Amino acid sequence: MTPVHFAFSSAFILGLTGLAFHREHLLSALLCLEGMMLSLFIAISLWTLQLDSTSFSASPMLLLAFSACEASAGLALLVATARTHGTDRLQNLSLLQC
């Protein structure tokens, strides 16, 4: 494993562990998801450059578009929960209150 692959794999794993273990606020969970998506974007971009293939060249841009849609939906959920519940703490959210 090259150092570049190790760096992007460890960035993805750090985002995953942050999402799994540090879920106190919705904003921190969304930032961990965004970090995971960005590490995947850079890894897929480097993978298509190493293959030197034009058939996979649209994959990173498609992933980046989905990442932008995920970020906007997450931000909308963050604003909605902050307005209705007054905080973004995930421990205060319950399906029985909605």
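Numbers below:
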item: Estimated dipole of the chain in Debye, rounded to 20 [Cβ of Lys and Arg +1, of Asp and Glu -1, Cα centre]; result: 220
item: Extension gain (nm, one decimal) between Ala76 and Ser59, 0.36 nm per residue minus Cα-Cα; result: 3.5 nm
item: Ranked by how many other beta carbons lie within 10 Å on average, peptides 64-70, 39-45 from highest; result: 39-45, 64-70
item: Selection from Leu14, Ser57, Phe41 lying farthest towards where the dipole of the chain points positive, charges on Cβ; result: Leu14
item: Carbon + sulfur, % of accessible area of the chain - ligands and nucleic acids excluded, 1.4 Å; result: 73
item: Three-way shape label, segment 50-89, alpha-carbon gyration tensor, a/c 1.5; result: prolate
item: Segment 1-57 shape via C-alpha gyration tensor axes, a/c threshold 1.5; result: oblate
item: Among Gly86, Gly74, Gly15: highest mean-square fluctuation, GNM of the chain, C-alpha pairs under 10 Å; result: Gly86
item: Taking the C-alpha atoms of the chain, convex hull volume expressed per residue in Å³; result: 96
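The values are calculated or read from the model by the stated rules, or taken from the named source; none is laboratory data. Since we're looking at a predicted model, the values are computed, not measured. All Cβ positions, glycine included, derive from the backbone under ideal geometry; neighbour counts span all protein chains shown. The accessibility values were calculated without ligands, DNA or RNA, using every heavy atom of the protein model including side chains. Shrake-Rupley method; radii C 1.70, N 1.55, O 1.52, S 1.80 Å.
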